[in-house]
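Every number here is computed from the coordinates shown, using simple stated rules; none is lab data. Note that the coordinates shown come from a computational prediction; the quantities given were computed from them, not determined experimentally. Backbone-built Cβ (ideal geometry, glycine too); neighbour counts: all protein chains shown.
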Amino acid sequence: MGIITAIEAQKKRGSRRSIFVDGEFVAGVHEDVVLALGLAVGQVFDKERLAELLKAETKRKARESAIRLINYRDRSVSEIRRRLIGDDFPEEIVEEVTDQLSRAGLLNDEKFSRDWIKARSASKPMGKTRLAWELRSRGVDASTVDQALEELDEETEYDLALSAAARKLRKMDCADPLTKNRISSFLRRRGFDWDTISRVIDELCP
């Protein structure tokens, strides 16, 4: 146990503060952590207070890291969780940060799934099977994926398949007996079902 004798701004990083107890340096943390914990010169500082300080600083760093990732592109909750754990943040901290960001609306798997489907439909049309696989691989749970895919009805999926196949067909010739098989394989890889593929082929290469 000791007494906080100084809280000083660091010379090279002005937003960080050095904490001194009984004249000895014990930790360097962001100024937001100092304010959040209400640290002040003259306060008693023990092991429990040090643990609280270090946890708050680690949580701040984890949250900052998560927000940087989200600002780069939207992420699922699971993607953020995996990245933070991969960066050696404790699981307890990771759960607290992801819960906090979810409550703030910065992480939302429902919105993430809808936006993912919309973006894919615009740039690289895919069927439900492929879309579901991509979302599940990003850690979105099955019920959330199914709910998002409900907005993609049969005719919309057909239009997407038709658009994708038409682009592909620009480099092919329907007179070639292999073209139908190639278009079929292409659409299958994109996650479209056989009924949709058959309709598209009948439309483009009757």
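Of the GluC sites (Glu not before Pro) found in segment 142-199, the ones in coil according to DSSP and having at most 13 other Cβ atoms within 10 Å of their Cβ are E150, E151. P(r) for segment 109-204, from all Cα pairs and a bin width of 5 Å, is 2, 14, 26, 22, 15, 10, 6, 3, 1, 0 %, short bins first. Within straight-line reach of K47, meaning a Cα separation under 15 Å, sit the following aspartates and glutamates at least 8 residues removed in sequence or on another chain: D22, E24.
Give, as a single signed number, the net charge of other residues whose beta carbon lies under 12 Å from the beta carbon of H30, with Lys and Arg counted +1 and Asp and Glu -1. Summing Lys and Arg as +1 and Asp and Glu as -1 gives +3. Cross-link check: pairs K111/K171; K12/K111; K55/K118; K128/K168 evaluated at a Cα-Cα cut-off of 29 Å; pairs beyond the cut-off: K111/K171; K12/K111; K55/K118. By other beta-carbon atoms within 10 Å, ranking T156, T129 with the fewest at the front produces T156, T129.
Note on the chain: helix-only mean residue ellipticity at 222 nm, from DSSP H runs of 4+ residues weighted -39500 (n - 2.57) and normalised by residue number, equals -19500 deg cm²/dmol.
Counting every other Cβ atom within 10 Å of each residue's Cβ, M172, M1 order from fewest to most as M1, M172.
For the chain, the Cα-based Rg and Dmax, in that order, read 26.6, 87 Å.
Each of V44, V77, G28 was scored by the projection of its Cα onto the charge dipole of the chain, and the greatest displacement toward the positive side belongs to G28; charges sit on the C-beta of Lys, Arg, Asp and Glu. With a simple spin-label model that places each label point 7 Å from the Cα along the Cα-to-Cβ direction, the separation between D176 and D115 comes to 3.9 nm.
Given their separation in residues at 0.36 nm each and the Cα-Cα distance between them, A9 and E91 gain 26.5 nm when the chain is fully extended. For trypsin sites (Lys or Arg not before Pro), the sites in segment 49-109 that DSSP calls loop and that have at most 13 other Cβ atoms within 10 Å are R73.
Give, as ranges by residue number, the residues of segment 35-66 whose backbone N falls under 16 Å from the point 7 Å along Cα→Cβ of E24. Zone members listed by number: 45-51. Relative contact order for the chain: 14 percent, from Cα pairs under 8 Å spaced at least 6 residues apart, divided by residue count.
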